[in-house]
Every structure is written in structure tokens, then in C-alpha cells.
Amino acid sequence: MELKPDTPRPPTQDDVAFDLESALGSVLALRSHIPEDAMTASILGTERAGHGVAINDSGLVLTIGYLITEAESVWLVDNASNTVPAYVVAYDQETGFGLVQALQRLSVPGLPLGSSDSLARGDYVVFAGHGGVSQAVAAEVVLKREFAGYWEYLLEEAIFTAPAHPNWGGAAIIGRDGTLRGIGSLLVQHMRGDEEAFNANMVVPIDLLKPILEELLTYGRRNKPGRPWLGMMTTEYEGHLVVAGVTNGGPADKAGVETGDVVIEVNGESVSGLATMFRRIWRLGDAGVSVPLTVYRSDSTREIVIESVNRDQRLKRPALH
């Protein structure tokens, strides 16, 4: 079928080989409240809303992590408007996945995990938010490529789909076989050939969850040292890496990095893209390692050494249940 990237339409039962209504019932509305003094409150807000996907029949729900980071309360709502409390089980900094557990029984089926690696450009998917068919979009994979985010985030291969879903955070990407292929994360601009840019969604591939799921359930995080975190938000602008902001009191702020600085080198090696910069920082060692940067500021270069930390240690921990 032909899907127009700028014209969303809901999926139909004829599009897929599974029970569409049942599968869409696995997608829940998710609401969370974050304390005002949380590190992420000023950036992501204290009231967050999106979606989550039941991935088993015991109330385990997969979502995108920014919805639940530092959350002190979480609520889930199914398609019958039943509302149940939940608690944060885990948040993985590297993938961006988050897990919550319903504290009461959810009368929805768990969506089986499929394969994101098998998805190819042009493949049909259902991009499903909470609310049934009217809140789902028939979409296709338009690209699979590396994605680097200014918040010190890197996926080796993200999935991009169009037409874009207008309420993407934590939504389910379901393959034709009814399996979960990824979780919606962002709205981005995509260019197809010489055509005008159009909106697309960036999706975190489900295959990234499988090798770490048991660790997340056991420890609430990966059972290994964290990556170095600088608290430095960097963007690519006209071929340069420009610091767009620093976290107040974070490592970069304490080291004297300023908004507008241009990052030229990491540990003496030149950098020209976000992904390259992140990889060179992370290969220096685990969180706590010193990160030497060369930056350009006010017509001169400066050497700055940032003492990295583990980002998890700066975040408020969820209440115990």
C-alpha cells in the first residue's frame, strides 16, 4: 500500500495479520509526577504524559524513559478507562527505555516482543498510542540509521517512521505480525531525496531491550559502571559542535564550560560530529574519568578538564514498593 508521509491515517484490520483491536488494547496511557527539585524537572517538567506498552500478562509496562525519570508517582489507564497506580522498575540511560510495574491487575494482554533488526525500509508498521484505532497511525519505515541526541545519547541504529504520530512518547510500533518492534521517542524532520522535509518519528528498536531486560528487572539498571556524563548539551551547527547549555552544578558547569563554546577536541583528538564526540568521551573510561576538552571561545582556544560523573547518581531515586 502507498502511504503519504504528510497524511496520517488510522490502520485497518485489512492492513495486518493480527487482531488489531486486541493488540491496541496493550497500549496504555501513562502519567507521571516528578518532584519540583528533581534534576530533570526544569527540562522535562513535573507532569509528564505519554504511553506505555504491556509486555507481559503480569502488568510489566515498557515506555520511553524520559516519561518516568525521577517520577514519584505513575498512573496507567487502559482503553476501558480503568486507572491503576504503578511504580518505576528501571530506566536505562543508554537505550532510553523505561519499565514500570502496575500495582493492580491490568486486564490487557501483553504484546509479544518481535524483531526490530528484521525491519527494512518500506516495511509497514502500526504506530499506536493509547486510545485504540483512532489514536494509531498506519506508517512505514523510512530510514534506519545512527542517531545522536544533544543530551549525551547515542543509538547505533534508530528506526524512523512516517507519517508521524502527533503524540509519540512511549507509543508502540507494531509489526504486521502483531509483535512489538520499538518504542516511540521523538518527532524529527526527515528528507526523502530531493523532496521537501516532512515529519517522522524516531523509534528505539526493541532488540536493544532483549539482552538487558533481566538486568533491568533485577537491578533497576544495567549491572555495570555507567558512562561518563558531563552535563553538557551540545548541538551540531554549521559543521561545528556548539555547547547549547550546561546543567547547573553539573561536571561541565563546575569545570567552566560556557554556552557558546565550540568543542574542537576530546583528549587531543579532533571531533566534528556528536556521535564521534560521544564515542571518544566514553572510550576514555567509566563514569568518574577525567575528560580533557579543547574548546574555542572568544577568538582563542582553551583546555578544560571535566571530572565526569554517573548521571544516575544525580537523579532522584523512585520510592520503594
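The values are calculated or read from the model by the stated rules, or taken from the named source; none is laboratory data. Being a predicted model, the structure only gives us computed values, none of them experimental. Cβ coordinates were reconstructed from backbone atoms using ideal geometry, including for glycine residues, and neighbour counts include every protein chain displayed. Note: areas computed on protein heavy atoms with side chains; ligands, DNA, RNA excluded. Shrake-Rupley method; radii C 1.70, N 1.55, O 1.52, S 1.80 Å.
Restricting the first member to region 186-199 and to residues that are within 17 Å of A171 (Cβ to Cβ), and the second to residues that are modelled with pLDDT under 70, no beta-carbon pair is closer than 7 Å while six or more apart or on different chains. Collect the residues in region 298-321 that are of a type outside the set (A, V, I, L, M, F, W, C) and loosely packed, with under 15 Cβ neighbours inside 10 Å, keeping them in residue-number order. Within region 298-321, S298, D299, S300, T301, E303, E307, Q313, R317, H321 meet the criteria.
Residues that are modelled with pLDDT of 95 or more, under 19 Å from Y153 (Cα atoms) and open to solvent by 20 Å² or more (accessible area, probe 1.4 Å) within region 213-235 comprise R227, M233, T235, listed in sequence order.
Of all the numbered requirements in (1) more than 26 Å from A287 (Cα to Cα); (2) without any contact (Cβ under 8 Å) to a residue 12 or more places away in the chain, S42 misses one, and that requirement is (1).
More than 20 Å from G65 (Cβ to Cβ) and either basic (K, R) or open to solvent by less than 30 Å² (accessible area, probe 1.4 Å) (or both) - does that describe any residue in region 236-244? Checking region 236-244: at least one residue is more than 20 Å from G65 (Cβ to Cβ) and either basic (K, R) or open to solvent by less than 30 Å² (accessible area, probe 1.4 Å) (or both). Can you name the residue in region 133-151 that is within 29 Å of L76 (Cα to Cα) and either touching a Gly at 6+ places or on another chain (Cβ under 8 Å) or polar (S, T, N, Q) (or both) and is also surrounded by the fewest Cβ atoms within 10 Å (Cβ to Cβ) among such residues? Of everything passing the filter in region 133-151, S134 is surrounded by the fewest Cβ atoms within 10 Å (Cβ to Cβ). Checking the stated criteria, Y87 turns out not to satisfy the condition of being open to solvent by 10 Å² or more (accessible area, probe 1.4 Å) and touching a helix residue (DSSP H, G or I) at 6+ places or on another chain (Cβ under 7 Å).
Per the conditions (1) free of Cβ contacts under 8 Å to residues at least 60 places away in the same chain; (2) in contact with a strand residue (DSSP E or B) (Cβ under 8 Å, 6 or more places away or on another chain); (3) open to solvent by 10 Å² or more (accessible area, probe 1.4 Å), the sole criterion not satisfied by Y124 is (1). For region 1-116, please list each of the strands (runs of 3 or more DSSP E) lying entirely inside it that holds at least 2 residues being modelled with pLDDT of 95 or more and farther than 24 Å from H165 by Cα. Filter on region 1-116 gives 83-91, 97-102.
Just one of the listed residues (K210, K254) is more than 30 Å from R297 (Cβ to Cβ), open to solvent by 90 Å² or more (accessible area, probe 1.4 Å) and touching a residue at least 12 places away in the same chain (Cβ under 8 Å), namely K210. Within region 157-175, being within 14 Å of A29 (Cα to Cα) and open to solvent by less than 20 Å² (accessible area, probe 1.4 Å) holds for G169, G170, A171, A172. From the list L154, L111, the one residue that fits, being surrounded by 23 or more Cβ atoms within 10 Å (Cβ to Cβ) and farther than 23 Å from F198 by Cβ, is L111.
As a summary of the residue check, S81 satisfies the conditions (1) closer than 30 Å to K224 by Cα; (2) open to solvent by 10 Å² or more (accessible area, probe 1.4 Å) except for the one numbered (1). If you go through region 222-236 one residue at a time, do you hit one that is in contact with an Asp or Glu (Cβ under 6 Å, 6 or more places away or on another chain), touching a residue at least 24 places away in the same chain (Cβ under 8 Å), of a type outside the set (K, R) and under 19 Å from E146 (Cβ atoms)? No - not one qualifying residue is present in region 222-236.
Of all residues in region 17-35, those satisfying the criterion of being in contact with a helix residue (DSSP H, G or I) (Cβ under 9 Å, 6 or more places away or on another chain) and either loosely packed, with under 14 Cβ neighbours inside 10 Å or more than 24 Å from H190 (Cβ to Cβ) (or both) are D19, L20, E21, L24, L30, R31, S32, I34, P35. Taken over region 1-50, the criterion of being more than 25 Å from the chain's Cα centre (by Cα) and of a type in the set (V, I, T) is satisfied by T12, V16. Here is the figure for region 95-121: residues that are of a type in the set (S, T, Y) and without any contact (Cβ under 8 Å) to a residue 60 or more places away in the chain total 2.
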